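S.K.: Once you've had a glance at the structure underneath, I'll fire off some questions.
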Amino acid sequence: MKKIVGILTLVLFIYACSSDDSTIDDQGPDPIPSAFDRTALLENWADNIIIPGYIDFTSKLSSLESSTILFTTQPNESNLETLRASWLDAYTTWQRVSMFETGPAEAVGLRLNVNIFPANVTTIEDNITSGAYDLNLSSNRSAKGFPALDYLLYGIASDDASIVAIYTGGQGAQYRQYLQDLVTDMQTLTATVLAEWQNGFRDTFVSNNGASSTASLDRLVNDYIFYYERHLRAGKMGIPGGVFSGSVESGNIEGLYAGNLSKQFFLVGLDAVQDFFNGRAYNGNAQGESLNTYLDALNVIKDGADLSAIINSQFNTARQSVQELGNFEQELQNNPPTNFLNAYDEVQRIVPLLKVDMVSALSISIDFADADGD
Amino acid sequence: MNRHLQTYLNSHTEAAPLAVFRVFFGVLMFVSILRFWSYGWIEKFYIAPDFHFSFYGFSWVRPLGEWTYLLFGICAASAIMITLGWKYRLAMITFFLSFTYIELMDKTMYLNHYYFISILSFLLIFLPAGNYFSLDTLLSAGKVGSRKRTSKASKRATQYIPRWTLDSIKLLLGIVYVYAGLAKLNSDWLLNAMPLKIWLPSKFDIPLIGDLLGQEWVQYAFSWIGAGYDLFIPFLLLWKPTRTFAFVTVVIFHILTRVLFPIGMFPYIMIVSAFIFFDASLHKKVIYAFAKAVKYPKQLLETTTIWQPVSIKKYKISLAVIAIFFCIQLLLPWRYALYPGELFWTEEGYRFSWRVMLMEKSGYAQFKIKDGVTGKRFYVNNADFLTPLQEKQMSFQPDFILEYAHYLRDHFTAQGHQNVEVYVESYVALNGRLSTTYIDPAVNLAEIKESFTHKHWIKPFNDEIKGL
């Protein structure tokens, strides 16, 4: 009996210690190299990809701000072109950071505030006319961010001279103000996110290196797949292509007013997703610990080929089939847009590879509930 | 009737082990329900979702909106009554019905251990677990002296109960373990250490053993020891010389599974259940200590009376019911043999068979709706209809896929689409194999009827898993 009690106590003690799932005390060398180092993976993501990405995006937004000030003080066609160029540059950079909707970005809802498209023209015009608007309201999400700027820089009139005329006309001051407010709003939100990453969240993120549905890796992988499935695949291709509604919706294309952008935005987004998979640094070509190396470390050999190689190869196939398309606006004029939908299918094929094979191989939890492995 | 069987059925044993079992069972069930409640799971899993997956034939069992809390409340209250031994039989029946109802509400939540609780509580209805160290016997004893009401014979304190009543619980536990062990005798588990090879490395953050779990030999060791444990532990518990060792093993094994896997209360239930294999003397010590603390009269623990059925006819019916119950328990896990194809792939006959921790299976299912009249087609966003957990479970289980397809058919028909056709593009990965197409994408699921017959629209499994 005493023995039982003794062993029971010991086991319970071990158990009690083990329920603490966020220990980072041991900085010494890992005695068994076979265990994959999740900390190194999270560090690579935070230090070499996410934070540099936000820094770059922040600086692009600063340029956008300067160009906006230039245009609002001297509204002319030349300054409009400068502003448009800064907008495109920032919008393109956004495609590289959009997927990191975790932690600080999730808290402020960065993606919801920066890139909900299509923009709601009626709300935008109402806001400008009334001059009374609170950009923090969720009802204004489709009246701000890049899509609203797209409308204000390309869509409010038929040619450049007429667009400039609006900014110099009777309501010009209100339009100029709105333009500036939109840019400031994006800057404020992004500055918050970057500041949090740089002051504390980075360490929180890296130290939460366990394996549970609330661990950094599990969460970010879920967010990453969600971005791929819902925003890159569906938002940029599936929805405009009519995959979910049965009829082409060219009005839901990204960069609607500027035109000829959605294909390149998609491709930038796809590059970002693949680079993230391979742990490629935001600046330069250095590759660190990544989902790719994690899968390799777990020695997931299937069908004679690495899962990571299969995923990379499907990324490449998808990229190539989209590259071969004309711009999305042209493709969607075909009814049905067969080539577009075929390219979409290649983009779609990545989803089960990420969502089924990768998640299964990494044992990523999707939700906290009891299970008995059936 | 066989003479040996007759002798066995007429033999008796101390009631203490069954009483201890009753008390622990009640406490653990109460804690389980409290735990479920405190996580907000009643709201999250039963009230918030619009759609629930039903067991075949039980689609009438639905969550009751806000009243679902009352259902859990009733279940928790009956668990307390069981612990106290107050109106034991009524409490046990209430518990069995309310708990089983809860488990039938949505098969997304199906777990083998919930099924175990359901059938165990069914068995307990027929056992005299409330006649020793219980409120029933205490109240009944108080009434013996009074003239107005005589105590019910069924509630009188008895020190001895039929041996088979205790053995039936041991038998049920033995079935659970041995069948779980038999299910592990397959090539994935033994030769490839799957799925532990996938699961264990992700538990790297567990102190002391975390680093070991990434080692291949550890994964094989866990697989083989796990299978051996399940197959032999009931026998080691039954045989006195190995009993203490076996119990220590039970504790270590289940605590380890608790640390490694999210299996809730199950490990504790199994640890406590294993107490029943110990001699009555140990249980009596426990009860005497408790009785002293709560001032339960000692003479009620030493009545030397033998439990007698109130009605011989009812007793015989009970015996028949229990005999049939065990026949079903012994046969049900083999029903998979009646289906063609790989069990792990089709899951036809997978549930209610003690197949636990056997598969790392995940899937992806994208549904395509086609209006049969206009020809218009589009894809469904599953998140519009299902919770993440429902979507996860649905994506690799054919009966879920079919039920959801029917739900989509009805939903889009109600929206005005005509002759709705439902197709699914699905991929499933099993135990580390690359994902392959799961359901025939050319089959219109809107037209398929659910039944117990083989689902021919499941694509064949491209590999072979040898074994039971």
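Quick note: the coordinates plus some simple rules give every number you see, no bench work behind them. Everything quoted here is computed from the prediction, not taken from an experiment. Glycine also receives a Cβ, built like all others from the backbone with ideal geometry; neighbour counts cover every protein chain displayed.
S.K.: Listing B:S78, A:S290 from the residue with the fewest other Cβ atoms within 10 Å to the one with the most, what is the order?
M.R.: Taking fewest neighbouring Cβ atoms as first place, the list is A:S290, B:S78.
S.K.: Throw me the Rg/Rh for chain B, computed over C-alpha atoms with Kirkwood Rh, two decimals.
M.R.: Ratio of gyration radius to Kirkwood radius: 1.01.
S.K.: Of B:K44/B:K184; B:K87/B:K285; B:K376/B:K449; B:K376/B:K459, which sit over 31 Å apart, Cα to Cα?
M.R.: B:K44/B:K184
S.K.: Check which residues have an amide H placed less than 5 Å from B:F55's amide H, if you skip close sequence neighbours.
M.R.: For B:F55, the qualifying residues are B:K107.
S.K.: Can you tell me how the stretch B:1-156 classifies by the Cα gyration tensor, rounded, prolate or oblate, using a/c under 1.5 as the rounded cut?
M.R.: Prolate shape, in that a/c is at least 1.5 and a/b is the bigger ratio.
S.K.: OK, next. Cα extents of the protein assembly as shown along the three principal axes, largest first, in whole Å?
M.R.: 106, 66, 58
S.K.: Using R₀ = 60 Å, calculate the FRET efficiency as 1/(1 + (r/R₀)^6) where r is the Cβ-Cβ separation of A:L267 and B:L34; round to 0.05.
M.R.: Here the calculated transfer efficiency is 0.65.
S.K.: Tell me, what ³J(HN,Hα) does each residue in the stretch B:37-54 have, in order and in whole Hz, if you take phi through Karplus 6.51 cos²θ - 1.76 cosθ + 1.60 with θ = phi - 60° and put x for Gly and Pro?
M.R.: Once rounded to whole Hz, the list reads 5, 5, 6, x, 6, 5, 5, 5, 9, 10, 9, 5, x, 7, 10, 10, 7, 9.
S.K.: Shifting gears a bit: Out of residues 5 or more away from B:K361 or on other chains, whose amide H comes under 5 Å of its own, with H placed 1.01 Å from N in the peptide plane?
M.R.: Amide H neighbours of B:K361: B:N431.
S.K.: In whole angstrom, note down how far apart the Cα centers of the stretch B:1-67 and the stretch B:271-310 are.
M.R.: 23
S.K.: Please give the Cα centre distance for the stretch A:238-300 versus the stretch A:77-148, rounded to the nearest Å.
M.R.: 20
S.K.: For the stretch B:360-447, what is the per residue volume of the convex hull drawn over the alpha-carbon atoms, in cubic angstrom?
M.R.: 84
S.K.: On to the next question. Among B:W345, B:W86, B:W239, rank each residue by its count of other Cβ atoms within 10 Å, from fewest to most, as a rough exposure measure.
M.R.: So the ranking, lowest neighbour count to highest, is B:W239, B:W86, B:W345.
S.K.: Moving on. Write down the percent of antiparallel bridges among all DSSP beta bridges whose residues are both part of chain B, to the nearest 5.
M.R.: Once the DSSP bridges in chain B are tallied, antiparallel ones form about 95 percent.
S.K.: To continue, here is another question. Please label the shape of the stretch A:211-367 as rounded, prolate or oblate, based on the square roots a ≥ b ≥ c of the eigenvalues of the alpha-carbon gyration tensor (a/c under 1.5 means rounded; beyond that, a/b larger than b/c means prolate, else oblate).
M.R.: In terms of gyration-tensor shape, prolate.
S.K.: What is the distance, in nm, between label points placed 7 Å from the Cα along the Cα-to-Cβ direction at B:I324 and at A:A85?
M.R.: Result for the modelled spin labels: 8.7 nm.
S.K.: Here is a follow-up. Can you give the Rg to Rh ratio of chain A, both from alpha-carbon atoms, with Rh computed by the Kirkwood formula? Mind showing how you got there, number by number?
M.R.: Working: Rg = 23.9 Å, Rh = 22.8 Å.
That ratio is 1.05, to two decimals.
S.K.: Kindly state, to the nearest 0.05, the FRET efficiency for B:A337 paired with B:N10, given R0 = 56 Å and r defined as their beta-carbon distance.
M.R.: Efficiency at R0 = 56 Å is approximately 0.90.
S.K.: Given the C-alpha centroids of the stretch B:438-462 and the stretch A:166-230, what is the distance between them in whole angstrom?
M.R.: Going from one Cα centre to the other spans 44 Å.
S.K.: Quantify how strongly other chains surround peptide A:240-248 by giving the mean number of their Cβ atoms within 10 Å of each of its Cβ atoms.
M.R.: 3
S.K.: Next up: Is any residue of the stretch B:377-392 close enough, with backbone N under 12 Å, to a label point placed 7 angstrom from the Cα of A:S247 along the Cα-Cβ axis, and if so, which?
M.R.: Once the point is set 7 Å along Cα→Cβ of A:S247, B:377 turn out to lie under 12 Å by backbone N, inside the stretch B:377-392.
S.K.: Sorted from fewest to most neighbouring beta carbons within 10 Å, what does the list B:I324, A:I69 look like?
M.R.: B:I324, A:I69
S.K.: Apply the Karplus parameterisation 6.51 cos²θ - 1.76 cosθ + 1.60, with θ equal to phi minus 60°, to every residue of the stretch B:209-218 and state each ³J(HN,Hα) to the nearest whole Hz, in sequence, with x for glycine and proline.
M.R.: Working through the residues one at a time gives 9, x, 5, 5, 5, x, 7, 5, 5, 5 Hz.
S.K.: Taking the Cβ-Cβ separation of B:R377 and B:T437 as r and a Förster radius of 22 Å, what is the calculated FRET efficiency to the nearest 0.05?
M.R.: Efficiency at R0 = 22 Å is approximately 0.70.
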